[in-house]
Amino acid sequence: MKTAIGFSVLILLLCFGAYAMHIAGNKSAQRHSEINHAEAMQRTVTEKDRVFLRSVVALAKANDTLRAASILTKDGVVIGRGWVDPRVTGDSSVHAEMMAIQRASLRLNTTDLTGSILYSSIQPCPLCLSLRHKFNVDKIIYTRLADSLIQNNLQVVNQEVYQTLKDGKQRHSRDIFVPLKDFE
């Protein structure tokens, strides 16, 4: 009897181990595929793109708060610039990408920025990505300033939000919806 139980436990452990290796292998293959895709996309960056990225880095370093800056271009011409500096804007919720898109939209008097490219010194957050779709920004090319601890922390938060959205999980919150009819 003890041998049968021991053998059953051994089989269960082997199956669990095989399953764990299978899951780890799938995640490793997926990560490898994502890295290959990112490397392939990086090879499409042109010299003109690199010039605009250098301009974004300079703008980010000139505005020494969160070192976040964005430039929006269309047909090779800058149509909007944005940066994070609550001391200037008076609003700490304004993101660099948001400011660049807003300024371009006002400058061109349109909400359709088809054909534009957004260059950013940080990976855009989900809010800024939604603005990209709303205003039809064609492409985002971003870099990351390695010397910015705050920016690195923002990247961690962004990755958590992206993973939550990707997994379809909803974060438990204390938000409460109360129908309007309750106040009529």
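The values are calculated or read from the model by the stated rules, or taken from the named source; none is laboratory data. Predicted, not measured: the structure shown is a model, and the values here were computed from it. Reconstructed Cβ throughout: ideal geometry from the backbone, glycine too, with neighbour counts over all protein chains shown. For accessibility, only protein heavy atoms count, side chains too; no ligands or nucleic acids. Shrake-Rupley method; radii C 1.70, N 1.55, O 1.52, S 1.80 Å.
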Quiz item: For Ile141, what accessible area in Å² do you get when you roll a 1.4 Å probe over the heavy atoms of the protein chains, rounding to the nearest 10?
Solution: 20 Å²
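Please work out the FRET efficiency for the pair Asp112 and Arg54, using the Cβ-Cβ distance as r and a Förster radius of 30 Å; give the result to the nearest 0.05.
Computed FRET efficiency for Asp112 and Arg54: 0.60.
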Practice problem: Could you pull the accessible area for Ser130 with a 1.4 Å probe, rounded to 10 Å²? | Solution: 60 Å²
Quiz item: How would you classify region 97-140 from its alpha-carbon gyration tensor, with a ≥ b ≥ c the square roots of the eigenvalues: rounded for a/c under 1.5, else prolate if a/b is greater than b/c, otherwise oblate?
Solution: prolate
Quiz prompt | Label point distance in nm, Asp75-Ser92, each placed 7 Å from Cα along Cα→Cβ | solution = 4.1 nm
